[in-house]
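No value in this document is a laboratory result; all are computed from the given coordinates. Because the structure is predicted, anything quoted here is derived from the model rather than measured. Neighbour counts run over all protein chains shown; Cβ positions are idealised from the backbone, glycine included.
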Amino acid sequence: MESDDRTRVFGLVEDVTDEIATRRRIEHERDHDVLTGLLNRRAFEQAVTERLADDPPAFGVMLMLDLDNLKYINDTYGHDWGDHYIKAAASVIERTFEGEGFFARISGDEFLVFVDRCADADGAYRLFDAFMRALDTSVLEAPDATVLKVRASVGVAFYPEDAVDFSHLREYADFAMYEAKNHRKGALLRFDPKSHERGAFILNNKEDLNRLLDENLIDYHFQPIVDARMGEAVAYEALMRPQLPSIATPDRVLLLARSQSKLYRVEHLTFFGALEAFAKHEDAACAATLFVNSIATQRLSSDDEVELQKRFGPLLRRLVIEITESDYSREMSLYKEGLARRWGARLAIDDFGSGYNGETSLLDYHADFVKLDMGIVSGIDVARDHQDIARNLIGYAHDRGIRVIAEGVETPSELKAVIELGVDYLQGYLIGKPAAQPPSVPADIQELIRTLAGTSC
């Protein structure tokens, strides 16, 4: 180039097309999965984290997907067909969620999606339905002409309801996905905080359960069961009181024991522990009956039965085996009934009227007692439907010679209502709270019961 003052200016022109293309290819390979072309784990996390930090949506959803049956396809048809299966799933993900957010393949058979364009949960679920339908119609034909349907188990967590940061959204979606996979493959499941809490509790307290069982760290308290006409304590229910703060309730002991297949040890500990604790209070309890909770799915060993007979023989004849679980079988019901008869003991059904533990349970058990479910007793003085249910259940039991215990009586009005409905026995905080030594019934409560029953002197 030449200017007016005759100055010469020189320039250099270089073709950088290949360099730019190479750089873009390197960046793409850095951020994308080679097999599917979707974002990879690192790029997905960066994109979603920046979105949440710089321009957070009003509503969002994290989805974790795990392909079902990939191992079977790899083992049966080879890894090339496994790759076809993965790419087919990726194609459905891309078609469904394009323009709705971010999506990535993060491992061999796992994908993550973050949806940030739906206004609310209803919109998100419509998108989920479309995705699951598209996945269900995506098929491959294997070399042997077998039709392979593409399936995935999916967990979802909502932003900001469940979590507001990437790591927790992913953790919760991942938890929901495994819940779906363990319960019903091919399902989409929403994150449940209560299930997550139970899972964390089980994971964090395994060793505490072992310690509780090995060191027998359980006490027993006794709650009175009272005659509904005279107000006298005729029986006591033995209630487990764990001594470890991390496992503070019987429900938590059972949850941990069930997760570790140690329910038998709880059953063993309960029978020996409750009978031994009650035997120490023979003077206070006089000739009262003892109700001991039994796990319906568990049976004691023959050695256990012999040892219990040897140590507590006379007391076993005052025992009532109370069935607390609903997942029993006919075989186990016969065992429990036979155990009671061998000892001269009796049988009770807890939570009578709730779920399966209603009239149908009396077909499997020849029970001597039934406990009216606390959900029916609560508010029975004002709830007409509770009264109708109780009246029918009490009549059904009495027709079969079975005595009825109203459990969970907490107010004088509830007490009046269940006495008028014709229950035989009463239990609850109004009557007497559990205590380490079997408590007597307060004189004013005895008099109230007699007055309501018309048996007061």
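Given segment 202-453, what count of lysine pairs have C-alpha atoms under 24 Å apart, with each pair 8 or more places apart or on different chains?
9
If amide H atoms are built 1.01 Å from N in the plane of the peptide, which residues on other chains or at least 5 residues away come under 5 Å of the amide H of ARG151?
Counting only residues 5 or more places away or on other chains, the set is ASP68.
Mind checking the angle between helix 193-204 and the chain's longest principal axis? C-alpha axes, 0 to 90 degrees, to the nearest 10.
So the inclination is approximately 80 degrees.
Per DSSP H run of n ≥ 4, the term is -39500 (n - 2.57); total these for the chain, divide by its residue number, and report the mean residue ellipticity at 222 nm rounded to 500 deg cm²/dmol.
Working: 18 runs with 216 residues, N = 457.
It lands at -14500 deg cm²/dmol.
Among the lysines, select those whose C-alpha is under 25 Å from the C-alpha of LYS149, and discard any that sit fewer than 8 residues away in the same chain.
Reachable lysines: LYS71, LYS87, LYS181, LYS185.
Under 5 Å between amide hydrogens, which residues at least 5 positions from ALA436 or on another chain qualify, with H placed 1.01 Å from N in the peptide plane?
Counting only residues 5 or more places away or on other chains, the set is PHE222.
Pull up all non-local amide H partners of LEU188: gap of 5 or more, or a different chain, and H-to-H distance under 5 Å with H placed in the peptide plane.
The list, which skips near neighbours in sequence, is VAL154.
When DSSP beta bridges are limited to those with both residues in segment 202-453, what percentage is antiparallel, rounded to the nearest 5? Can you show the working numbers first?
Working: 13 of 36 bridges.
Antiparallel bridges make up about 35 percent of those DSSP assigns within segment 202-453.
Does anyone have the angle between helix 384-399 and the longest principal axis of the chain? Alpha-carbon axes, 0 to 90°, nearest 10?
That helix lies at roughly 50 degrees to the long axis.
Fewest to most neighbouring Cβ within 10 Å: what's the order for VAL115, VAL441, VAL370? Don't jump to the answer; show the numbers that get you there.
Numbers: VAL115 24, VAL441 18, VAL370 30.
Exposure proxy ranking, most exposed first: VAL441, VAL115, VAL370.
Over the residues of segment 202-453, compute the C-alpha Rg and express it relative to 2.2 N^0.38 Å. Spell out each step's value before the answer.
Numbers: Rg = 17.9 Å, N = 252, 2.2 N^0.38 = 18.0 Å.
Computed over Cα atoms of segment 202-453, the ratio equals 1.00.
Give the Kirkwood hydrodynamic radius (Å, one decimal) of the chain, defined as one over the mean of 1/r across all pairs of different Cα atoms.
Values: mean 1/r = 0.0365 Å⁻¹.
That comes to 27.4 Å for the chain.
Provide the packing ranking of 77-87, 391-401, 407-417, i.e. peptides ordered by the mean count of other C-beta atoms within 10 Å per residue, highest first.
Details: 77-87: 16.8, 391-401: 15.2, 407-417: 19.6.
For the peptides 77-87, 391-401, 407-417, the packing ranking is 407-417, 77-87, 391-401.
Is the shape of segment 17-191 best called rounded, prolate or oblate, per the rule: a/c under 1.5 gives rounded, else a/b larger than b/c gives prolate, else oblate, with a ≥ b ≥ c the square roots of the Cα gyration tensor eigenvalues? Write down the numbers at each step before the final one.
Working: a/c = 1.94, a/b = 1.13, b/c = 1.72.
Taking the square roots of the gyration eigenvalues as a ≥ b ≥ c, segment 17-191 is oblate.
Any chance you could give the angle, 0 to 90 degrees and rounded to 10, that helix 263-279 forms with the longest Cα principal axis of the chain?
30
Whole-Hz ³J(HN,Hα) for each residue in segment 58-69, computed from phi via Karplus 6.51 cos²θ - 1.76 cosθ + 1.60 with θ = phi - 60°, x for glycine and proline: what do you get?
5, 8, x, 9, 9, 10, 10, 10, 10, 5, 7, 6
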